[in-house]
Amino acid sequence: MDREEARRRIERLTEELNEHAYRYYVLDSPTVSDAEYDRLSRELEALEAAYPELVRPDSPSHRVGAPPRADFPPFRHPSPMLSLQNCFSEEEFFEFHRRVQKLLGTEEDVTYMVEPKLDGLSLELLYERGLLQAGATRGDGMVGEDVTPNVRTIQGLPLRLRGADPPERLVVRGEVILEKAHFERLNREREEAGEPAFANPRNAAAGSLRQLDSRVTASRPLSYMMYAPGLPVPGVETQQELLERLREFGFRVNPRSVLCHGAQEVAAAYRALLADRFSLPYDIDGMVVKVNRFDLQRRLGEVSRSPRWAIAWKFPPVQETTRVREIVVQVGRTGVLTPVAELEPVRIGGVEVSRATLHNQDEVRRKDVRAQDTVVVQRAGDVIPEIVAVVLDRRPAGSVPFVMPERCPACGGPVSQAEGESALRCANMDCPAQLRERLLHFASRGGMDIQGLGEKIVERLLERGLVKTAADLYRLDAATLAEIERMGEKSAQNLVAAIEQSKRRPLSRFIAALGILHVGEHVAALLAQRFASIGDLMRASAEELTAIPGIGPEVSASILRFFEPKNRAVVEALLEAGVTPLAEEKKPAPSGAPLAGQIVVLTGTLASMERGKAKALLEALGAKVTGSVSKKTTLVVCGENPGSKLAEAEKLGVRVIGEQEFLDLVGHTPS
């Protein structure tokens, strides 16, 4: 075969394979067998290997992934990716509907497009002259992460738009998801390989799309659905027309989307979708209601960071009844003892739940949860399992209240309770349970992000005595790791490479990874803005620390206590091992933002998001988030099981808001 014959055959195979992929992944109507598809793929790969200069930009071979890269470049969205406001009841939705009518100056029914609210990761795609140029995560709504090599691996996502006349430039948005069957298969494979299972499909999808090695992403069965324009699409005037146009371009869109004339039809669509919720092949946590006409959307505009023309109508929490087998006590990285209810496994919202945290001894006492109790369990925010109540008339005879232990269940050391805290702590810094959790925290994504260093590997490293501090991780070699049960030579090499790659992380990530009490990602970022190096931080005085806005005496004292000789030696050993935290660019404080000048404190657990994310949302609006309540505090955000900060706020007369009011304030829809 000469070069011209190869070019024609490559073009024919590329178009044929892309058509087969579209019919299989988008239309769910394959026209060839898997064996035939594989034969055509192998032929194309052989031709492309022989003539690499003839590889087309829309070749299916791009879906196998590319070599690892060091980071994700920033991607500035052509228009902001806004968050949606929530409603949780028919009454709240009708209030939204009346507000839309009032703003439009009409009493006529409004036409809405109703779409299932997918529980995945937001994605934006950029096409130019019909070819995929970029794919990015939502990020902060203004700037996301460029994950183009990973996006190219998603089966069924068009690398070239279908149709003869695509727009010169197309920006569309949607969701990357992992369907339930694929999620269960992926977790089985991970467990068989000795890797930790993913908590839920959303976490698995998010983690897969954010892999630095796109070959890992390619190995994950990701799917997607598109549903929104990032920029106006020529000739498209309604959301209904947009979805149809997206289908024509070759995108997968949700077949359960429906046009509703008026609020009553929307309410009926909600009830129908709620009834079918668990029969769908993917997770949803509600539905999104959008004013159908784009000209009306433009008239309605937006408020803060949320559109006035759309709302997320969330499903109610799902509850089930089960039995408490026993209550065990876990020890965290800071020594905190946490009671956890081990449950008879029960499926809630399509997910099997077998454990629920009881937070602390005050929570156990308040709910009076006991071993062998029958309890009502729900997934708070559709994610976190929690015990709502005890079914007292089914409590067995002879039941006794649960009492927290007087000694650490992991090491037998004494436990103590600091004044003003409800938590009990193990004081033994060498406690094996604390060491395990500290290592996992050090390697976590918010810390040094060492991919592959999960729970089972850490446990085996500890069992063999190979690691006693985080610094020991950097002395491991592939030969030693390969001897660990179920590790394997390739996995050992990958882990050593990941550890090596983690040596150059931003200073804020390094500080957060150390696991200093009261120092999470937010405080770590404040410290990294103030101090140029970890050495400067270790030498800082209490006066220097408390001079930083957002750091009070309690946090300052915790930092000073942490850098005692033993921990200082660990930090120095990390630096000697080649860990080089990178100084960070100094960021100006936001000005003119909606919450500029406000000092906010978070207390308790938010069901809809982690505390670090809540802090980031507040800071994006100009607020300063601090760790303690004082006379300067202007607002306290209160979640479930608040601590002493709530009492202090009430004592000082500081305004306190709950989680829903907080979400309304920051204009955020949990995803």
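Bear in mind these aren't lab numbers, they're just calculated from the coordinates by the rules spelled out. Here the structure is a predicted model, which is why all the values come from computation and not from measurement. Here Cβ is always computed from backbone atoms with ideal geometry, including for glycine, and neighbour counts include all displayed protein chains.
In this structure, the amide hydrogen of Glu302, modeled 1.01 Å from its nitrogen in the peptide plane, lies closer than 5 angstrom to those of Arg308, counting only residues at least 5 positions away or on a different chain. Averaging the Cα positions of each part gives two centres, and for segment 471-539 and segment 139-179 these lie 32 Å apart.
With a cut-off of 13 Å between beta carbons, the residues surrounding Ile177 carry a summed charge of 0, where Lys and Arg count +1 and Asp and Glu -1.
For Tyr282, the amide hydrogen comes within under 5 Å of the amide hydrogens of Lys180, counting only partners 5 or more places away or on other chains and with H modelled in the peptide plane.
For the residues Lys615, Lys367, what sequence is obtained by ranking on other C-beta atoms within 10 Å, fewest first?
Numbers: Lys615 23, Lys367 18.
Least to most surrounded, the residues fall as Lys367, Lys615.
First select every other residue whose beta carbon is under 13 angstrom from the beta carbon of Ser306; then total the charges, Lys and Arg +1, Asp and Glu -1. It would help to have the intermediate numbers written out before the result.
Values: positive: Arg99, Lys290, Arg305, Arg308; negative: Glu302, Asp664.
So the environment of Ser306 carries a net charge of +2.
Note on Lys456: lysines with a C-alpha under 27 Å away, same-chain residues under 8 apart excluded, are Lys180, Lys468, Lys490, Lys503, Lys566.
Seen from Leu602, the other residues with C-beta closer than 10 Å to its C-beta sum to a net charge of +3, counting Lys and Arg as +1 and Asp and Glu as -1. Distances between placed amide hydrogens fall under 5 Å for Leu602 paired with Thr626, Val637, all partners being 5 or more residues away or on another chain. Per-residue Karplus couplings for segment 595-609, computed as 6.51 cos²θ - 1.76 cosθ + 1.60 with θ equal to phi - 60°, are listed in order as 10, 4, x, 7, 10, 10, 10, 9, 9, x, 9, 8, 6, 8, 6 Hz, Gly and Pro entered as x.
Which order do Val318, Val391, Val147 fall in if you start with the one that has the fewest other Cβ atoms within 10 Å? Please report the intermediate quantities before stating the final value.
Numbers: Val318 18, Val391 12, Val147 24.
The most exposed by this proxy come first: Val391, Val318, Val147.
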